[in-house]
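The values are calculated or read from the model by the stated rules, or taken from the named source; none is laboratory data. These numbers were taken from a predicted model, which means no experiment stands behind them. All Cβ positions, glycine included, derive from the backbone under ideal geometry; neighbour counts span all protein chains shown. Areas reflect the complete protein model, heavy atoms only, side chains present, ligands, DNA and RNA absent. Shrake-Rupley method; radii C 1.70, N 1.55, O 1.52, S 1.80 Å.
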Amino acid sequence: MGGDQHDLSAVLGQLVNAAGTALVLVTQSFAAWVMIAVLTGVGTALVYPVLLSAVGDASHPSWRGAALGVYRMWRDGGYAVGGILLGFGADLLGIRSTFALLSIVVFLSGIVVMILMRETLRIE
């Protein structure tokens, strides 16, 4: 990718994760749960390396290590905060509504990435 194009793997990863999260709402069988786990795993595999690389690419070499550390702190902290928020959401809204809201948020984050994230490598 070059110029002003967005990174399709980050967008695709977010959209795949949103689909996997939404499918939780209609899943009835163990086989479907396994397929959802695979689907969300693929989505996560598409997103994580791209976002980490984007932080590294956008950071000057003199502060790249610090930038990556800050990014990872927020990303890793999201596991704990996300789990707590999902628990509160399940208590307040119910599990189905919480998963529906989560899938919408993940989908919208993919759209935000599609609109705002740009390749930093300039090929001339």
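Against the list (1) touching a Leu at 6+ places or on another chain (Cβ under 9 Å); (2) within 23 Å of G43 (Cβ to Cβ), the condition Y79 fails is (1).
Taking each residue of segment 45-64 that is in a helix (DSSP H, G or I) and looking for partners that are open to solvent by less than 60 Å² (accessible area, probe 1.4 Å) and basic (K, R) with beta-carbon atoms closer than 8 Å, six or more apart or interchain, yields L51/R75. For first residues located in segment 107-120 and basic (K, R), partners that are open to solvent by 40 Å² or more (accessible area, probe 1.4 Å) and not in a helix (DSSP H, G or I) and lie 6+ apart or on another chain with Cβ distances below 6 Å form the pairs R118/D4.
Looking across segment 70-100, the residues that are open to solvent by less than 40 Å² (accessible area, probe 1.4 Å), modelled with pLDDT of 95 or more and not in a loop (DSSP other than H, G, I, E, B) come down to G87, G89, A90, T98, A100.
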